[in-house]
């Protein structure tokens, strides 16, 4: 099989430098061949040692969440990107945001900007979902509840001290829908609370969500 066709079979996922070396094992100077493939538009370098297929292939590229999982790991997509994915905020998100247990970093690449914010263990490990985009693409992403927690935890200078300030933040600042908030699993969120940063703010979030859910039970048509 032609080298370029072999590379095409990896279209759904980023390619590591090691994978490319295995594909080019018969070349005496495989790194020179990689450079040629980049120049010809068959490969796009994302960061050192990581590539995706280029425009010459005219094939579907990995989605940004798949790329985000591969740029820096361990990590999972969260904050605004996850909130938008779950339909919880109306704004279109132009930066793919993730959290990690490593240092916070920002990667500006030819296919977009990818940010990583450090969060501590064991809090980091809660509320991670594994979603299948395709048979070959699986992404790690925050659940709706964890994405909201992460948004609050990572927003500098944000402190929620009351139900009023929490309601204003959720409905006015984030423009979240009250119906979606009423569906959140506050029992699970409560289990995360002892291990989380900004516990006071997150406590008010849980308390506010419980209050909204109580109103829903009292008025099931709303």
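Looking only at segment 62-77, filter to residues that are in contact with a helix residue (DSSP H, G or I) (Cβ under 9 Å, 6 or more places away or on another chain) and under 15 Å from residue 131 (Cα atoms); which one of those is surrounded by the fewest Cβ atoms within 10 Å (Cβ to Cβ)?
Pass one, segment 62-77, residues in contact with a helix residue (DSSP H, G or I) (Cβ under 9 Å, 6 or more places away or on another chain): 62, 64-65, 68, 74-77.
Filter again for under 15 Å from residue 131 (Cα atoms), leaving 62, 64-65, 68, 75-77.
Values: 62: 25, 64: 19, 65: 23, 68: 27, 75: 23, 76: 26, 77: 26.
Out of the qualifying residues, it is 64.
Any chance you could count how many residues in segment 164-181 are over 22 Å from the mean Cα position of the chain (by Cα) and either farther than 12 Å from residue 201 by Cβ or not assigned by TED's automatic domain parsing to the domain that holds residue 209 (or both)?
Residues meeting the conditions: 7.
State whether one or more residues within segment 11-21 are in contact with a strand residue (DSSP E or B) (Cβ under 7 Å, 6 or more places away or on another chain), assigned to a loop (DSSP other than H, G, I, E, B) and farther than 24 Å from residue 156 by Cα.
yes
Can you find a residue in segment 105-128 that is free of Cβ contacts under 8 Å to residues at least 40 places away in the same chain, under 22 Å from residue 168 (Cα atoms) and under 16 Å from the mean Cα position of the chain (by Cα)?
no
Just name the residue that is surrounded by the most Cβ atoms within 10 Å (Cβ to Cβ) out of those in segment 26-44 that are on the phi < 0 side of the Ramachandran plot and assigned to a loop (DSSP other than H, G, I, E, B).
The first filter runs over segment 26-44 and keeps only residues on the phi < 0 side of the Ramachandran plot, leaving 26-40, 42-44.
From what's left, assigned to a loop (DSSP other than H, G, I, E, B): 26-29, 40, 42.
Working: 26: 8, 27: 13, 28: 7, 29: 10, 40: 11, 42: 19.
Per the criteria, the residue is 42.
Can residue 35 be described as over 12 Å from residue 7 (Cβ atoms) and without any contact (Cβ under 8 Å) to a residue 24 or more places away in the chain?
Numbers: over 12 Å from residue 7 (Cβ atoms): yes; without any contact (Cβ under 8 Å) to a residue 24 or more places away in the chain: yes.
For residue 35, the condition - over 12 Å from residue 7 (Cβ atoms) and without any contact (Cβ under 8 Å) to a residue 24 or more places away in the chain - is met.
Could you tell me whether segment 78-93 includes any residue that is touching a helix residue (DSSP H, G or I) at 6+ places or on another chain (Cβ under 9 Å), modelled with pLDDT of 95 or more, closer than 17 Å to residue 14 by Cα and surrounded by 14 or more Cβ atoms within 10 Å (Cβ to Cβ)?
No - not one qualifying residue is present in segment 78-93.
The values are calculated or read from the model by the stated rules, or taken from the named source; none is laboratory data. Since we're looking at a predicted model, the values are computed, not measured. Quick reminder, even Gly has a Cβ in these numbers, built from the backbone with ideal geometry, and neighbours come from all protein chains shown.
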